[in-house]
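K.L.:
Attaching a single structure in C-alpha cells format; questions to follow.
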Amino acid sequence: MAVEISKVIQDWVPNGSKIIDFGCGDGTLLEKLMKEKNVQGYGVEINDEKILSCIEKNVPVIKLDIDFGLNDFELSNFDMSIMARSIQCLKNPNIALEKMLSFSKTCVVTLPNLGYWRCRINLGIGKMPVTPDLPSSWYETENIHLCTIRDFENLCEKQSITIKEKFFISPKNKKGIMSSLNPNFFATEGVYLLEKE
Amino acid sequence: MKIETNIFDFDEGIHLENGTKLISFKLMVETYGELNQSKSNGILLCHAFSGNHHAAGKNADGIVGWWDQLVGPDKAIDTNKFFVVCCNNLGGCSGSSGPTEINPLTDEIYGKNFPQVSVKDWVNSQKMLSDRLGISKWHLIVGGSLGGMQALQWAISYPDSVNKAGILAAAAKSSTQNIAMNEVARESIRKDPNFCNGEYIKNNKKPKDGIKAARMLGHITYLSEQHMDLRFGRKYQDESSKISGDVDFEVENYLQYKGEKFSESFDANSYIIMTKAMDGYDIASDNKMLEENMKNIKASLLIVGFNSDWLYPPARGKEIQIAAINQNIKSSYIVLDGEQGHDSFLFHSKKYSKAIKNFIES
C-alpha cells in the first residue's frame, strides 16, 4: 500500500478502536495500527503465505474468501472495517459495502480509478487499460468490477452511504492539485471514509 | 534431545466433573528439552483420544512419538528452545491412572469402575502437574482433535496460566456425527463376547475383536476420501502379505493391520472412557454460550483447520474464531489443505509447521 494512503487511513482510525481489514495482505497496515493507534485489529486474507507473515508479525488473521466470508461477521461489532483495493475484486461490491456498514460504524474503502486519463486513452484506442497502477491484462486481472471515481460515488449516493472524508492519489502516490480538482480524470486511486446512518 | 519419562503421584486426589473423587492418582509424564531459569519456556502438549505421553523421539521400545514430525530439535516446536511436556491423560492406558491400573481403595484393578473423566478433569489434572513442575504460565498449550479441546479449555479454565493456545483440527463441541461414530465403535467393543461387561481383566480375557473393529472404523474417519484413493485406490493386496484370507483390497489389509496392532496395545475400557469424554465436551450449546464461556480468555489463540478433515471440519474452528473476535481475543484462524484428513494435524507440512513456529515465536 502506498505510504500516503496508509498515513491517511491511520489518521482516520480512532485510537483504541476495534477494526477489521479485509484483504489485509501480510499485515503491514494492521501491525502499524496496532502499534501506533493501539487498535484491536483482525485481518482477513486468502493467501497462505501472507497469512503466515501476519502470524509472524503477531497480527491476528482469519483465512476467508471475502466474497463468502462477509456473512460470518454479521453478529460482530467493529468500529471500523477497511477494504483496501479489494472491493473491485468482489462478486457483489454493492452488497459488500452494505454488509461492512452493518457490522462496523465506519468503513474505509480504497479503489483504483478506471476514469484515470491513461485508462481512458487505452480505452480510446480500443484496448482494456493496462497502466502502472493496473498492470494486469484483462485475462489475468483479479479486478472484475472496476469503476470510476464517479461511478463509486454514485453507488454510495444510491445506497444512502455518507462519504465522510475522501482523498485522491495521483501517480507516484502524491496528493496532487490536479487530482483534487478533477479526481475522476487525474486520480489513480480514491480513498474513502464511509458511514451509514 | 533430553528426554525424561516419569510418574508423578498426586496423593491429594482430584474432584471430577461427574461429582466423584479419585482419592489419589498418578500421571505418566514425558518431557523434552530443559526448563529455563525463569520457567517461561514451557510448552504443554495435549494428546488426542488414543495418544499418550510419548510425543517425540524414540522410546525404549523403538516407538516414535505421536508428534515427532513437529516436536524435536529445530522442528516447529523446538526442543532446543522450549521445555516440552506431555502427559498420558487420566483414564488412559499408558501408565497414568486409568482402568488398567490398581484402585488404591480396593487394591484391585479399576476395570470398568474407573470413573468417567472429562476434558475439564484432564485440564485440572494437568494444572496440578504444572504446579508440581513450578510452571505458573505455559508459553504455549497445544493439541489436535481432542487435544485441541483441552488447549481451548485450558485458556478458559486458567486464563492467567496460558500465554498462547494452539487449537488444531478441533471443535468447541463434538458434533452429532462424532457422537454417532463413537457409539458404533463402543458398541462393537461392548458386543465382543470377551468384553465381559467391562470385567475382562478379572476374567483373563481381552475384547480384541471389538477394539479392532472400533479402530478400523475410527481410521476411516481420520482419513480423507481423497487420501484413501491416492494411497490405496482399488489395488488388490498381494497374496504373500495378506493378513487374512478374507482380505481382497489393500485398504482392507491396511485397516486389518492397524486395527490388529491397536487392539494389542489399547484398553477397551479406556476406549470407552476417552470417547465418552470427547462426546461429552460441549462449551458451545449455542454461539452465545460459546462467547460467554470464552469471555475470560487472555491467551492468544491459533486455530487451525484442514480442508480434508470431515471429522472436525474447518467450520468448527471458524465458530471458535468468530466467538474469539466478538470477545476481543487475539486469535488467528487458518485453513490448510492437509492431505491426510483429520490426521493432518499429526504431520509436518511446510505451511503447517511454519504457522505453528511463527505463532510460538511471534
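K.L.:
Which pairs turn up if I take residues in segment B:312-341 that are without any contact (Cβ under 8 Å) to a residue 60 or more places away in the chain and look for partners that are crowded, with 24+ Cβ neighbours inside 10 Å and among the charged types (D, E, K, R) with beta carbon separation below 6 Å, at least 6 apart in sequence or on another chain?
P.N.:
Cβ pairs passing all conditions: B:Ile334/A:Lys63; B:Val335/A:Lys63.
K.L.:
Residues in segment A:97-115 that are of a type outside the set (Lys, Arg) and open to solvent by 10 Å² or more (accessible area, probe 1.4 Å): how many?
P.N.:
Count: 5.
K.L.:
May I ask you to list the residues in segment B:119-149 that are open to solvent by less than 10 Å² (accessible area, probe 1.4 Å) and either closer than 20 Å to B:Phe8 by Cα or not assigned by TED's automatic domain parsing to the domain that holds B:Ser96 (or both)?
P.N.:
Listed by number, the residues that qualify are B:Val119, B:Asp121, B:Trp122, B:Val123, B:Ser125, B:Gln126, B:Leu129, B:Ser130, B:Ile135, B:Trp138, B:Ile141.
K.L.:
Continuing with this model, one more query. Please go through segment B:280-321 and pick out each residue that is within 19 Å of A:Ile46 (Cα to Cα) and in a helix (DSSP H, G or I).
P.N.:
The answer is B:Pro314, B:Ala315, B:Arg316, B:Gly317, B:Lys318, B:Glu319, B:Ile320, B:Gln321.
K.L.:
Now for a separate question. Looking at this structure, is A:Ser81 closer than 14 Å to A:Phe22 by Cβ and under 17 Å from the mean Cα position of the chain (by Cα)?
P.N.:
So A:Ser81 passes the test.
K.L.:
Another one. Collect the residues in segment B:171-203 that are more than 21 Å from B:Ala214 (Cα to Cα) and touching a residue at least 24 places away in the same chain (Cβ under 8 Å), keeping them in residue-number order.
P.N.:
B:Ala171, B:Ala172, B:Lys173, B:Lys202
K.L.:
Looking for whichever is part of a loop (DSSP other than H, G, I, E, B), assigned by TED's automatic domain parsing to the domain that holds B:Val162 and modelled with pLDDT under 95 here; the options are B:Ala56, B:Ala60, B:Ala48. Which one fits?
P.N.:
B:Ala60
K.L.:
Based on this model, can you work out whether B:Tyr257 counts as crowded, with 24+ Cβ neighbours inside 10 Å and more than 10 Å from chain A (Cβ to nearest Cβ)?
P.N.:
In short, no.
K.L.:
Select from segment B:296-322 the residues that are within 14 Å of chain A (Cβ to nearest Cβ) and under 19 Å from B:Asn163 (Cα atoms) and list them in ascending order.
P.N.:
Matches in segment B:296-322: B:Ile297, B:Lys298, B:Ala299, B:Ser300, B:Leu301, B:Leu302, B:Ile303, B:Val304, B:Ile320, B:Gln321.
K.L.:
Check A:Lys50 against each of (1) modelled with pLDDT of 95 or more; (2) over 24 Å from B:Ile360 (Cβ atoms); (3) open to solvent by 10 Å² or more (accessible area, probe 1.4 Å) and name the one condition it does not meet.
P.N.:
It is condition (2) that A:Lys50 fails.
K.L.:
Only one of B:Ala60, B:Ala55 is open to solvent by less than 10 Å² (accessible area, probe 1.4 Å) and without any contact (Cβ under 8 Å) to a residue 40 or more places away in the chain; which?
P.N.:
Just a single option satisfies the conditions, and that option is B:Ala55.
K.L.:
Another question, then. On the basis of being within 14 Å of chain A (Cβ to nearest Cβ), surrounded by 19 or more Cβ atoms within 10 Å (Cβ to Cβ) and modelled with pLDDT of 95 or more, does B:Asn293 make the cut?
P.N.:
no
K.L.:
Scan segment B:342-360 residue by residue and report those that are touching a residue at least 60 places away in the same chain (Cβ under 8 Å), of a type outside the set (Gly, Ala, Ser) and either touching a His at 6+ places or on another chain (Cβ under 6 Å) or over 26 Å from B:Phe232 (Cα atoms) (or both).
P.N.:
B:Lys354, B:Ile356, B:Lys357, B:Phe359, B:Ile360 - these are the residues of segment B:342-360 that are touching a residue at least 60 places away in the same chain (Cβ under 8 Å), of a type outside the set (Gly, Ala, Ser) and either touching a His at 6+ places or on another chain (Cβ under 6 Å) or over 26 Å from B:Phe232 (Cα atoms) (or both).
K.L.:
Follow-up. Please go through segment B:331-355 and give me each residue that is buried (at least 20 other Cβ atoms within 10 Å of the Cβ) and farther than 26 Å from B:Asn178 by Cα, ordered by number.
P.N.:
The answer is B:Ala355, and nothing else.
K.L.:
Going through segment A:129-184 one residue at a time, which ones are of a type in the set (Asp, Glu) and either under 23 Å from A:Glu197 (Cβ atoms) or in contact with a Leu (Cβ under 6 Å, 6 or more places away or on another chain) (or both)?
P.N.:
A:Asp151, A:Glu153, A:Glu157, A:Glu165, listed by residue number.
K.L.:
Can you name the number of the only condition in (1) under 19 Å from B:Asn328 (Cα atoms); (2) of a type outside the set (Val, Ile, Thr); (3) surrounded by fewer than 22 Cβ atoms within 10 Å (Cβ to Cβ) that A:Asn94 fails?
P.N.:
(1)
K.L.:
Under 8 Å by Cβ, and 6 or more places apart or on different chains, what pairs join a residue from segment B:229-241 that is at positive phi with one that is modelled with pLDDT of 90 or more and open to solvent by less than 60 Å² (accessible area, probe 1.4 Å)?
P.N.:
If the second residue must be modelled with pLDDT of 90 or more and open to solvent by less than 60 Å² (accessible area, probe 1.4 Å), the pairs left are B:Gly233/B:Glu250.
K.L.:
Let me ask something additional. Being in a helix (DSSP H, G or I) and of a type in the set (Gly, Ala, Ser) is the filter; apply it to segment B:324-362 and report the residue that is nearest to the other protein chains (Cβ to nearest Cβ).
P.N.:
Applying the filter and picking the extreme gives B:Ala355.
K.L.:
Among all residue pairs at least 6 apart or on different chains, which show Cβ distances below 9 Å where the first residue, located in segment B:157-169, is in a helix (DSSP H, G or I) and the second is of a type in the set (Gly, Ala, Ser) and open to solvent by 10 Å² or more (accessible area, probe 1.4 Å)?
P.N.:
Going by the 9 Å Cβ cut-off, the qualifying pairs are B:Asp160/B:Ser136; B:Ser161/B:Ser136.
The values are calculated or read from the model by the stated rules, or taken from the named source; none is laboratory data. These numbers come from a predicted model, not from an experiment. Using ideal geometry, Cβ is built from the backbone for each residue, glycine included, and neighbour counts are taken over all protein chains shown. In case anyone asks, the SASA skips ligands and DNA or RNA and just uses the protein heavy atoms, side chains included. Shrake-Rupley method; radii C 1.70, N 1.55, O 1.52, S 1.80 Å.
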